[in-house]
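*Asks:* Encoded as structure tokens, here's the structure I'll be asking about.
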Amino acid sequence: MNHVKDQMKALEERVALDKINTRYRITCSDTLTKNQAASLVADAILFEPEAVQLVARSTGNNLKMEKDWELMSEFDKDEIIRKKIIREL
């Protein structure tokens, strides 16, 4: 239950920080249910190493081009921390 609360909080914070067109997708399987996929994306946003490796993010600049999709990275983690600090100031 606590993990789900952490996931929801992380998703809410990330949605507030993301640009309007930012999208996430699972790179490992199309057989996941919507709930499983959402949980995996939330875990990636929480920077759980196993999940980060399976989730790609697009800034929405050109969703039709594969090169727009990038795996979540340390850059994403640093960006979230920096924006959170700025928001709290």
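The values are calculated or read from the model by the stated rules, or taken from the named source; none is laboratory data. Treat the numbers as computed from the prediction; the structure is a model and nothing was measured. Heads up: the accessible areas ignore ligands, DNA and RNA and are worked out on the full protein's heavy atoms, side chains in. Shrake-Rupley method; radii C 1.70, N 1.55, O 1.52, S 1.80 Å.
*Asks:* Under the 0.36 nm per residue contour assumption, what length would be gained going from the current alpha-carbon distance of GLU70 and THR33 to full extension?
*Replies:* Net length gain for the segment: 11.1 nm.
*Asks:* To continue, here is another question. Provide the per residue accessible area, probe 1.4 Å, for the stretch 1-61, rounded to a whole number of square angstrom.
*Replies:* 67
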